[in-house]
Amino acid sequence: MQAITRRLGQQSLRPTASFSSIKSIYPLCSDHCNSPYSFLLSHFIFFFFFHFNVASHLYQINVFLSKVQAFCGKEFSDYGVDHPRYGSTLAAHKGLGHLVRKGTGGRSSVSGIIATVFGATGFLGRYLVQQLAKMGSQVLVPFRGSEDNPRHLKLMGDLGQIVPMKYDPRDENSIKAVMAKANVVINLIGREYETRNYSFEEVNHFMAEQLAVIAKEHGGIMRFIQVSCLGSSLSSPSRFRRAKAAGEEAVLKEFPEATVMKPAVMIGTEDRIMNCWAQFVKKYGFLPLIGGGCTKIQPVYVVDVASAIVAALKDDGSSKGKVFEMGGPEIFTMRELAELMYDMIREWPRYVNVPLPIAKAMATPREVLFTKVPFPLPNPDIFNLDQIQAFASDTVVSENALTFMDLGIAPHKLKGYPVEYLIQYRKGGPQFGSTVSEKVNPEYWP
């Protein structure tokens, strides 16, 4: 009996074939585990597997050992004294195309992108977050208002992939906190009008410059994308466009590898042009056309802009340090765009031509008083003095500029689905009224 016991004991101390195969796959005593803690942990695992048969639990052991190896490698090597907290071993690579490699590319995949999207709660932000989340990226969403502001974004990604983080844009430490884990920074912050607390220059210039400086100091930010606006110029009569142009220059100076996107007027469900027009028409029965509506613009579908940003992230780095002008495939005058709006809400066009000097005179009181009165004034919609000055001249894509085509994207035409959201303004419901090209069956009349 004692001989049998000794024989079993010797067999239990002899390494099995399954353990040898695991040891060859997971070398626990590699260079990644140089600390005394990892040394003790590896010897404990050896002792445990010598005394138990592991053949029937090979899969669980593989998972366990892979976690141990990852723990040892990251905890004791990557974040040691020789590696700064913000360091990234991928910073030397070009672009982010090499990161999109794990999974099928859906929302439960791992793209490797951890993006901090400033301004994600705005118009363009929700579409960009959706594009990033559906490819398996983790999106950090800084917000400064109520916790309900980013709530709609959490549904766009897998569990835990959309991370709202409260911050103060005037506090450098809070900006560093929301940027600490990221390898991509996208700045969507911008506003077409001033408020009592934020000027054009602070929002569109100084904030962008501050983000670029912090991203450069971070050390692990592989891509920085600055979203500006089409027509930005230091010589523009619009303060908004001058501030945007100064922001572009500051970003490229502090972060030369940054990519600048300059979209035209964006059209979409939450846009600030056709919604304002439709609401004004429903309230007053007519639409004022400033300067006769002869100014040419090149509006773009907001989803195409979000797709362009994601395409720039996924390229091989060829878009670094470049400026892209993003306009739609069609050029409209302001009057033609208004006719498209009337066509969708199915009402007869009624215009009132407002000469440019009169429009400026109507918009000036708000700009003069909003910093002097002790209460906030309503935000300007149609009669925005800065926008009136901006659209006094044509705003179209330059002849030799980089465009959607350089990113492999074909932008959508506006007529059709991109403006279908305007059916909410039809006074008798979606089936009410008629257009030149479409007659509604009388049985659908209210």
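The values are calculated or read from the model by the stated rules, or taken from the named source; none is laboratory data. Note that the structure is a prediction, hence the values are computed from the model and not measured. Methodologically, a virtual Cβ is constructed for each residue, glycine included, from the backbone with ideal geometry; neighbour enumeration extends over all protein chains shown. Calculation scope for accessible area: heavy atoms of the full protein, side chains included, ligands and nucleic acids excluded. Shrake-Rupley method; radii C 1.70, N 1.55, O 1.52, S 1.80 Å.
Values as computed for the structure displayed
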{"read-out": "Accessible carbon and sulfur surface of the range 170-288 relative to its total accessible area, %, 1.4 Å", "value": "49"}
{"read-out": "Contour excess over end-to-end distance, with Cα ends at Lys253 and Ala401 and 0.36 nm allotted per residue", "value": "51.3 nm"}
{"read-out": "FRET efficiency, 1/(1 + (r/R0)^6) with R0 51 Å, evaluated for Thr364 and Ala410 via beta carbons", "value": "0.75"}
{"read-out": "Proximal charge balance of Met334 [Cβ under 14 Å; K/R count +1, D/E count -1]", "value": "-2"}
{"read-out": "Å² per residue, accessible surface of the range 299-440 at 1.4 Å", "value": "52"}
{"read-out": "Three-way shape label, the range 297-371, alpha-carbon gyration tensor, a/c 1.5", "value": "oblate"}
{"read-out": "Cα gyration tensor of the range 242-328 - equivalent ellipsoid semi-axes, whole Å, descending", "value": "33, 16, 10"}
{"read-out": "Net charge over other residues, Cβ less than 13 angstrom from the Cβ of Ala250 (K, R count +1; D, E count -1)", "value": "-2"}
{"read-out": "FRET efficiency for Arg170 and Thr269, using Cβ-Cβ distance with R0 set to 30 Å, rounded to 0.05", "value": "0.45"}
{"read-out": "For the range 122-188: relative contact order, % (alpha-carbon pairs under 8 angstrom, 6 or more apart)", "value": "31"}
{"read-out": "Cα-based Rg of the range 312-431 normalised by 2.2 N^0.38 Å, two decimals", "value": "1.43"}
{"read-out": "Residue order for Met165, Met326 - accessible surface, 1.4 angstrom probe, largest first", "value": "Met165, Met326"}
{"read-out": "Amide N proximity, the range 226-251 versus Thr371 label position 7 Å along Cα-to-Cβ, cut-off under 17 Å", "value": "238-244"}
{"read-out": "Gain in span if fully extended, Cys294 to Phe432, counting 0.36 nm per residue against the direct Cα distance", "value": "46.7 nm"}
{"read-out": "Modelled FRET efficiency - R0 22 Å, Lys181 with Thr104, Cβ distances, 0.05 increments", "value": "0.35"}
{"read-out": "Trypsin sites (Lys or Arg not before Pro) lying in DSSP loop within the range 350-418, provided at most 10 other Cβ fall within 10 Å", "value": "Lys372"}
{"read-out": "Cut-off 15 Å between beta-carbons: net charge of the residues surrounding Gln130, Lys and Arg +1, Asp and Glu -1", "value": "+2"}
{"read-out": "Pairs beyond 22 Å (Cα-Cα), from Lys262/Lys314; Lys262/Lys296; Lys253/Lys320; Lys360/Lys415", "value": "Lys360/Lys415"}
